[in-house]
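Structure record follows, encoded as structure tokens.
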2 protein chains.
Amino acid sequence: MTSRREAVHDILRKSEGFRSAQDVYAQLRSAGAKIGLTTVYRALQALADGGKVDVLRTDDGESVYRACATDTHHHHLVCRKCGHTVEVAGPAVERWAEAVGAEHGFTEVTHTVEVFGTCSGCSTSARS
Amino acid sequence: MTSRREAVHDILRKSEGFRSAQDVYAQLRSAGAKIGLTTVYRALQALADGGKVDVLRTDDGESVYRACATDTHHHHLVCRKCGHTVEVAGPAVERWAEAVGAEHGFTEVTHTVEVFGTCSGCSTSARS
DNA sequence: GCGATTTTGACAACCATTTTCATTTCGCGG
DNA sequence: CCGCGAAATGAAAATGGTTGTCAAAATCGC
């Protein structure tokens, strides 16, 4: 684990929601770190490859990253307003995906699931 | 519904799996149509906005499109090898997403789900 | 300390997608 | 059919997230 990867991982550990490479880079630079954008991308990729970080694609096509709170398989419930993110287990989804795959003769079935909503904090402030 | 949008929609209706804008453009041009890449993108966007076409983002971040076989809410089971796609209903997923959202105090809950696997055709040929 | 290997950073390159703007097409009413 | 305003189009330029390149720096293991 090199110092740059550690710095990148640290930012994600201290963040609550998903962060883009551009975000992480901007934050590190404004904190005075000497790090290149390419290095940020590569660090994020290495962290993701090592299972330390989750990646998802936004509607815009950009990759965003979040430090894993748990090693177990999980999904994300993300506030569409503030980005607040909760890791959730999805046993019902796993079962459904397996069943649907089997029903149509598919093997090696994998799935992606993301859930979006408005969190209680944002619902409350939107009303005031 | 303009002639360009109709042409684009036609390509998707005659395709089985998801197609990228670049694919659709290449096919239209090689069939002799005089159409611009930008127009393809805009036609796809209009079709998606009108609910006639599903969009999803690939792992590469590229958008791909598929004509909707049904107006009802559905998900996709996609072969990772050949692109063969089946539309599937997911009542268990809907219930789970609602429950998970409610459990964490979220409102206006939406979800994205895609399922990937190797279809029976590809499993069979991979073995030969 | 040393050599081999890996990582880094700045810059260039890539590529899907969107913007710009002049032109064409569309849809409607007369 | 014609005229008109609005919408759509196409080509070229621009955008911006991401990756490749390559020399230099850092790391690793002995």
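The values are calculated or read from the model by the stated rules, or taken from the named source; none is laboratory data. Keep in mind the model is a prediction, meaning the values are calculated, not measured. Because the Cβ atoms are built from the backbone with ideal geometry, glycine has one as well, and the counts that use them run over all protein chains shown. In case anyone asks, the SASA skips ligands and DNA or RNA and just uses the protein heavy atoms, side chains included. Shrake-Rupley method; radii C 1.70, N 1.55, O 1.52, S 1.80 Å.
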Helix axis angle, B:37-49 relative to chain B longest principal axis, alpha carbon, degrees: 40 degrees
Where Rh is the Kirkwood radius over Cα pairs, Rg/Rh for the range B:1-68: 0.93
Can you tell me which of B:103, B:16, B:114 moves the most in a GNM of chain B? Springs connect C-alpha atoms under 10 Å apart. B:103
Which value results for Rg/Rh of chain B when Rg is the Cα radius of gyration and Rh the Kirkwood radius based on the inverse mean 1/r? 1.04
Of the candidates B:72, A:105, A:28, the farthest towards the positive dipole end of the protein assembly as shown (Lys/Arg Cβ +1, Asp/Glu Cβ -1, centred on the Cα centre) is A:28
Accessible carbon and sulfur surface of the protein assembly as shown relative to its total accessible area, %, 1.4 Å: 51 percent
Bridge type composition, the range B:1-126 - antiparallel percent by DSSP, nearest 5: 75 percent
Roll a 1.4 Å probe over the protein chains and send me the accessible area per residue for the range A:1-68 in Å². 56 Å²
Could you give, in nm with one decimal, how far residue B:91 is from each other copy of that position, shortest first, with labels 7 Å out from Cα toward Cβ? 2.1
Alpha carbon centroid spacing (whole Å) that separates the range B:14-62 from the range A:24-59: 31 Å
Residue-normalised 222 nm signal for chain A, counting each DSSP H run of n ≥ 4 as -39,500 (n - 2.57), nearest 500 deg cm²/dmol, is -13000 deg cm²/dmol
Distances in nm from residue A:36 to the matching label points in the other copies, shortest first (labels 7 Å along Cα to Cβ): 3.7
Could you report the accessible area of residue B:1 in Å², rounded to 10, computed with a 1.4 Å probe on the protein chains as they sit in the structure? 130 Å²
Report, to one decimal in Å, the Kirkwood hydrodynamic radius for the range B:70-128 based on all distinct Cα pairs. 13.4 Å
Give me the summed buried accessible area for the B-A pair, 1.4 Å probe, to the nearest 100 Å². 2900 Å²
Express in Å², to the nearest 10, the accessible area of residue A:74 obtained by rolling a 1.4 Å probe over the protein heavy atoms while all chains stay in place. 30 Å²
FRET efficiency, residue A:58 to residue B:124 (Cβ-Cβ, R0 35 Å, nearest 0.05): 0.45
Placing the label point 7 Å from Cα along the Cα-to-Cβ direction, what are the distances from residue A:74 to the equivalent spots in the other copies, shortest first, in nm to one decimal? 3.4
Count the lysine pairs in the protein assembly as shown that are 8 or more places apart or on different chains: how many have C-alpha atoms under 26 angstrom apart? 10
Accessible solvent surface per residue of the range B:70-128, calculated while the other protein chains remain in place, 1.4 angstrom probe, Å²: 51 Å²
